[in-house]
Structure formats: C-alpha cells, structure tokens
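Here's the structure, in structure tokens; my notes come after.
Rule-based calculations on the coordinates, nothing more; no lab input. Bear in mind that the values here come from a model prediction, so they are computed numbers and not experimental data. In this analysis, Cβ positions are derived from the backbone assuming ideal geometry, glycine residues included, and neighbour counts consider all displayed protein chains.
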Amino acid sequence: MWLVKIKVRLKKGVLDAQGKTTQQALLALGFHQVKEGRIGKLIELKLDGGSREEVEKEVRDMSQKLLANPVIEDFDYEIEAREE
Amino acid sequence: MWLVKIKVRLKKGVLDAQGKTTQQALLALGFHQVKEGRIGKLIELKLDGGSREEVEKEVRDMSQKLLANPVIEDFDYEIEAREE
Amino acid sequence: MKFGVVQFPGSNCDYDCYYAIKNILKAPVEMIWHKEKEHNLKGYDCIVLPGGFSYGDYLRVGAIARYSPIMTAVIDFALKGGLVLGICNGFQVLTEAKLLPGALIRNECLHFICRQQTIRVENIDTPFTKLYQKGQVLKIPIAHGEGCYYADEETISELENHHQILFRYCDARGEITREANPNGSLSNIAGICNRERNIVGLMPHPERAMEECLASLDGRLLFESIVIQLKQRQRRKFCPET
Amino acid sequence: MKFGVVQFPGSNCDYDCYYAIKNILKAPVEMIWHKEKEHNLKGYDCIVLPGGFSYGDYLRVGAIARYSPIMTAVIDFALKGGLVLGICNGFQVLTEAKLLPGALIRNECLHFICRQQTIRVENIDTPFTKLYQKGQVLKIPIAHGEGCYYADEETISELENHHQILFRYCDARGEITREANPNGSLSNIAGICNRERNIVGLMPHPERAMEECLASLDGRLLFESIVIQLKQRQRRKFCPET
C-alpha cells in the first residue's frame with residue numbers, strides 16, 4: 001500500500017483570490033506579520049500494489065489528466081510506503 | 001522571513017464528498033489502484049520577523065481561530081526560515 | 001419592534017428577507033452593512049443573517065464572514081438574548097461563530113441542490129416555531145452546496161436531549177427517512193437552536209415560501225412567530241406588572 | 001436540425017436552455033444525460049453544455065464533468081466540426097476538455113456575482129454571432145463564482161490575432177474598462193471560440209435574455225445565428241450545387 005500526497009498550487013502569476021482574502025482576514029484579526037497567503041490543495045490517495053516507480057508514473061499521469069490543470073496549476077508529490 | 005505550510009484535513013469520520021468523488025473519477029479514468037481519496041487544504045503563508053517559537057505560537061493561534069474549524073478539521077504545519 | 005438584515009459581500013438572499021419582512025409581514029426592517037464595526041444593534045429586536053455566498057465561501061463556508069466587523073455586535077446581541085435567525089449561509093456563519101454547535105459541510109450527493117423540500121417541525125417551544133404544530137410537515141425550498149449538518153455524537157445527543165433540533169428533512173408524509181435527506185445531514189437535521197432558544201439556524205429558505213406565487217406559504221409562520229414574540233416582549237416592557 | 005442539451009449531475013440551467021430553444025426559438029431539442037457513453041450524437045447539429053454546478057464544482061470547476069462518459073462523444077462531435085456552445089459552467093467544462101484554451105478561475109472580487117452585465121460583440125465571423133453587429137453592446141445576465149478568464153500571454157495574443165475573442169465585458173457605452181470587468185478576466189474576456197470557430201464558450205447566460213419578461217432580448221440573436229447557420233448547412237446538403 002502506498003500513501004501519495006499531491007500538492008496542487010496555483011502558478012505564480014495566477015491570481016489567488018482565496019489566498020488574498022484569507023491573508024486580509026488574518027490581518028483584520030490582528031496577525032500583522034502575514035505578508036502573503038496562498039491556498040492550494042492537498043490530495044491524499046491510497047494506492048494498491050505496484051513498485052514505487054510504477055506508482056510514481058501513475059501519480060504523474062493522474063495529476064496531469066485530472067488532479068491539476070496545467071494552465072493554472074503546478075503540482076508536486078511525495079510517495080510513502082505504508083503497512084496495510 | 002518565515003514560510004509556513006499549514007495542512008488542513010477533514011477529521012476521520014467526517015464525510016469527504018469531494019475526495020470520494022475525485023477517487024471515483026480516477027477509477028472511471030482507469031486508475032484502478034486508487035483505494036481512497038481525501039482532499040484537504042494547503043495554506044502557505046509568508047510571515048515577517050519574530051523567533052521560530054513566536055511564529056509557531058501565531059500559526060497555532062490563526063489556525064485555531066480561522067484556518068481550520070476544529071469541529072470538522074485537523075491541522076498540522078511546517079515552518080521554514082527563508083532568506084528575503 | 002425592528003428587524004435587521006445583515007449584508008455581507010456575496011449575500012444574495014438579503015433582499016428576499018428584506019422584502020418578506022417589509023412587504024409580507026409588514027414589519028419594520030433595515031439593512032445592516034457588514035463593515036459597521038461600531039454598530040451596537042441598539043433598537044433592533046431580531047437580526048437575520050441571510051443566504052448567499054459570503055466572501056465567495058472562501059476557506060470554508062461562513063468562515064470569513066464570521067470575522068466581519070458587524071459580527072462582534074451580532075455575537076454580543078445574541079448572547080444578551082436578542083433573537084438571531086441564520087438562513088442557509090447565515091446558518092453556516094452562526095456555526096462558524098460558535099453561536100450554534102456543529103458545522104455545515106459539502107452535500108453528500110455530488111451537487112448544489114435547488115428544489116422544494118419537505119421538512120418536519122420537531123420542536124415548537126422557541127420564539128421562531130411557536131405558531132407551528134409539532135410534527136407539521138412544511139414545504140420550503142432549499143438551495144445549497146454545503147448543507148450537510150455534522151457534529152460529533154455527543155453534540156447530537158445534546159441537541160436531542162435539549163430539544164434543540166427544530167426541523168428535520170422528511171418525505172411528503174412526514175417520515176424521517178434516508179431517502180428524504182437531501183444532503184447527508186446527520187439525523188436529517190435541517191435546523192437547530194441554541195440551548196437558550198434565541199438563536200436559530202436552518203438550511204431551508206422560509207423567506208422564499210411566503211407568497212402564493214412561490215408555491216408555498218409555509219415559511220410565513222416562522223416570521224409571524226417572531227413578530228408575536230416581539231410584540232409580547234414589548235407589551236411586557238410597557239406593562240411590566242402583567 | 002436538432003439541438004442537444006447535456007445534463008450533468010448539478011446542471012441547473014439545462015431546462016432554461018431547453019425552454020429557450022424549444023419555446024422561443026421553436027427549434028427541435030432533446031436532453032442528453034451525461035452517462036450515455038455509447039451516444040454518438042448522431043442526428044444532432046448543435047450541442048449545448050449548460051450552466052450549473054456540475055459535480056459540485058469539486059476539485060476545479062468543470063474538471064470532473066469533463067470526464068463524464070458523454071464528453072468523449074462531445075469532443076469527437078466538436079472535432080468533426082459540430083457546433084458546440086458552452087454557457088457558464090459549460091464554458092468551464094470546454095476549457096477543462098481543452099476544446100477551448102485557457103481556464104476559468106475564482107472571481108477577483110470576493111463573491112459569487114449574479115446580475116445584469118453589458119458585453120460588447122467583438123467578432124461576428126462565427127456561426128454563433130453572425131446576426132450581431134460588431135461593437136454591439138448586449139445586456140446579458142451573469143451568475144458565477146469562477147468566471148475569471150485566465151491564459152498565459154501567448155495564448156491571449158493568439159486569441160487576439162485569430163479573432164477568437166467574441167465578447168468582452170464593457171460599460172453601458174461599450175467601453176472596455178477595468179471597472180466594467182466584473183470578475184478580473186484578462187482582457188475583459190467574456191466569451192471565446194476555437195480557431196475553427198465551431199466551439200464557443202461564454203460566461204454570460206444568453207438563454208436568460210430571450211423574453212420581454214426577463215428584461216433583455218439580447219441573447220436571442222446568438223441562438224438565431226445558430227439556427228440560420230444550420231438551415232444553410234441543411235440546404236447545402238440537399239442542393240449541393242448551390
């Protein structure tokens with residue numbers, strides 16, 4: 001069993017309205033040190049079987065096809081082996 | 001300057017409709033190995049000044065107040081020092 | 001007697017509420033802009049948090065609206081016993097502000113739901129439901145993507161034990177079934193109140209079920225319950241001996 | 001001649017489109033359920049992807065709908081030259097399916113916008129806009145939370161160079177200004193087509209601006225343009241010598 005953590009972030013240059021609003025809300029709450037806020041997705045999948053290399057190939061493939069939109073998003077990932 | 005990565009996940013037991021739908025979409029796309037899918041948030045903040053301890057205190061505080069809702073979500077975080 | 005309807009950026013049922021109170025109830029009502037930090041809500045008797053997509057539902061539904069400047073006054077007003085009604089997004093804001101327990105999460109089904117829904121009146125011992133009958137089945141529209149009520153088991157038991165569940169999703173005959181639950185809410189919960197019974201949140205839109213042309217009048221008694229309650233309060237104020 | 005309107009789970013403007021085509025255009029139209037994998041869209045001349053919140057907008061708007069079984073047929077139909085119109089969520093699905101360039105992201109302003117909007121017709125050399133006049137200002141409602149058009153600079157230049165920008169947000173006098181831009185779209189883009197001009201996506205809802213009672217008739221010419229195009233095609237088919 002593999003645990004895969006895929007992090008999907010808006011590309012630099014793409015307006016992150018949610019991140020900006022959250023930063024402003026933090027400032028309004030008195031957290032004046034917050035210089036920037038960005039919000040991405042943390043997608044965690046459990047995958048069956050295969051070698052690490054196979055899993056890695058699958059993860060790239062599903063990220064490019066569905067999990068991230070390359071027009072606006074970048075992704076990276078971590079793969080961990082897990083006991084059942 | 002500090003870069004803080006806050007990961008907000010739905011608690012175990014809270015229905016993750018988005019994660020489930022995404023898993024089903026991956027299965028429909030032929031990624032049959034996907035046994036579970038969960039979707040959380042990756043909140044990345046840049047913070048000014050302070051010691052690591054101070055930043056950690058701030059981050060806990062803002063997570064509890066705004067970034068995560070303890071009724072349905074858990075959070076953890078990483079703090080990295082960054083050159084300007 | 002005066003109602004106040006709070007407007008957040010992204011509120012879109014604010015005028016529905018305003019219209020319902022002013023033109024159908026014929027009760028005094030004013031709009032209150034969310035930025036009014038210094039507002040103490042003096043002179044208001046019931047505050048309505050209307051539906052919509054406040055702040056685009058960023059982060060979590062209701063999360064950012066909860067820290068709007070006006071909310072300090074709303075919390076203060078509520079904790080002093082003022083009547084507060086949160087509808088749809090307003091219910092979400094009330095849970096985020098911890099004025100009501102639990103949270104609203106994404107619908108179990110895949111999508112935003114917008115349709116007529118039957119709900120059953122579970123408790124009438126509140127200023128918001130006194131004119132209904134216990135067990136009465138109402139037809140009230142729902143329109144939400146995040147209306148699945150969630151709380152831990154302990155909280156749900158507490159809600160039950162203190163008769164805080166006011167409305168449950170039901171079928172046309174009033175049966176509380178899994179099929180009649182549109183969004184996966186625990187215990188089919190559609191609306192609750194706090195233990196003091198002056199704060200109510202519900203996902204259905206009673207303000208959209210108050211005229212013949214909208215296919216149901218079942219939302220009317222909710223607002224009329226409030227008006228009667230406020231009139232009684234007023235009378236008590238002027239004739240304290242009664 | 002036949003229109004088809006695709007229904008995804010969470011589509012909610014499907015009946016608006018169906019009604020507009022059937023009752024106002026008086027053209028043949030059928031609903032197509034998203035699960036119809038084997039559907040080859042034979043007999044259809046124009047496919048409409050309607051607005052709504054397909055699959056609750058999970059992951060990204062349009063992302064999951066894009067992999068619905070019916071989309072294989074839609075892509076095939078589109079690449080063979082069939083007319084495809086994506087409105088609002090349908091536009092988002094078309095970009096996710098890469099039938100149109102770019103992406104739609106969250107509105108720059110904080111919230112879901114629902115209002116009348118003026119847009120300017122930028123190009124009339126398409127089957128969807130031929131009955132308009134270049135520069136004409138239309139009043140068409142918008143209703144979206146994720147309508148901010150984004151593409152990299154190169155793509156925007158290409159869209160310009162190939163006259164693929166069909167509609168831009170403008171003020172009442174037709175000026176393309178920052179203030180008239182409701183959602184932060186690059187170059188005020190409200191609608192585009194592909195290079196072959198048979199696939200169009202736009203955020204405004206022309207199907208909601210086709211009757212007097214809806215305060216604008218400006219959406220009508222879009223659908224009537226399609227009908228005229230299809231009639232011409234049909235004529236050519238039967239009298240190939242003309």
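Bridge orientation summary for the protein assembly as shown: considering DSSP beta bridges with both residues in this region, about 75 percent are antiparallel.
The residue among B:Ile72, B:Gly19, B:Gly30 whose Cα reaches farthest toward the positive pole of the charge dipole of segment B:2-81, with charges on the beta-carbon of Lys, Arg, Asp and Glu, is B:Gly30.
Pop the C-beta distance of D:Tyr15 and D:Arg178 into the FRET formula with R0 = 41 Å and round what comes out to the nearest 0.05.
For R0 = 41 Å, the calculated efficiency reads 0.70.
Across segment A:27-81, the volume of the C-alpha convex hull divided among the residues equals 130 Å³ per residue.
Sorting D:Ile70, C:Ile87 from the fewest to the most surrounding beta carbons within 10 angstrom yields D:Ile70, C:Ile87.
Electrostatic tally near C:Asn188: other residues with Cβ closer than 11 Å to its Cβ, Lys and Arg +1, Asp and Glu -1, net -1. Taking Cα atoms, how many degrees apart are the long axis of helix B:17-28 and the longest axis of chain B, rounded to 10 and kept between 0 and 90? Computed tilt is about 50 degrees.
Computed over segment D:3-238, relative contact order equals 19 percent, with contacts defined as Cα pairs under 8 Å that lie 6+ residues apart. In a simple Cβ point-charge model (Lys, Arg +1; Asp, Glu -1; nothing else charged), chain B has a dipole of about 600 debye relative to its Cα centre. C:Val6: net charge of surrounding residues, Cβ under 10 Å, Lys/Arg +1, Asp/Glu -1, itself excluded? So the environment of C:Val6 carries a net charge of -2.
Of the residues D:Tyr55, D:Ile21, D:Ser157, the one whose Cα sits farthest toward the positive end of the charge dipole of segment D:3-238, with +1 on the Cβ of Lys and Arg and -1 on the Cβ of Asp and Glu, is D:Ile21.
As a length-normalised measure over Cα pairs under 8 Å and 6 or more apart, the relative contact order of segment A:2-81 settles at 53 percent. Could you give the Stokes-Einstein D for chain C in µm² per second, using the C-alpha Kirkwood radius, 37 °C, 0.692 mPa s? Approximately 186 µm²/s, per Stokes-Einstein. Loop-located trypsin sites (Lys or Arg not before Pro) across segment D:77-120 with a Cβ neighbour count of 15 or fewer within 10 Å are D:Lys80, D:Lys98, with loop assigned by DSSP.
Using the Cβ of C:Gly82 as centre and a radius below 15 Å, the other residues enclosed give a net charge of +2, where K and R count +1 and D and E count -1. Annotation for segment C:143-181: trypsin sites (Lys or Arg not before Pro) lying in DSSP loop with at most 11 further Cβ atoms inside 10 Å of their Cβ are C:Arg173, C:Arg178. Please identify the GluC sites (Glu not before Pro) of segment D:133-209 that satisfy two criteria: DSSP loop assignment and at most 16 other Cβ atoms within 10 Å. Which are they? Answer by residue number: D:Glu175, D:Glu179, D:Glu196. Between B:Ile79 and A:Arg82, the simple label model (points 7 Å from Cα in the Cβ direction) yields a spacing of 2.9 nm.
Once backbone amide H atoms are built at 1.01 Å from N, B:Glu73 has B:Lys11 as its partners under 5 Å, excluding neighbours fewer than 5 places away on the same chain. Spatially, segment A:12-37 and segment D:175-207 are offset by 28 Å when compared through their Cα centroids.
So, with +1 on the Cβ of K and R and -1 on the Cβ of D and E, and no other charges, what is the size of the charge dipole of segment C:198-237 about its Cα centre, to the nearest 20 debye? Could the numbers behind the result be given before it?
Numbers: 7 positive and 5 negative charges, 108 e Å.
Here the size comes out at about 520 debye.
Where the alpha-carbon atoms of the protein assembly as shown are placed on the principal axes, they occupy 97, 60, 48 Å, in descending order.
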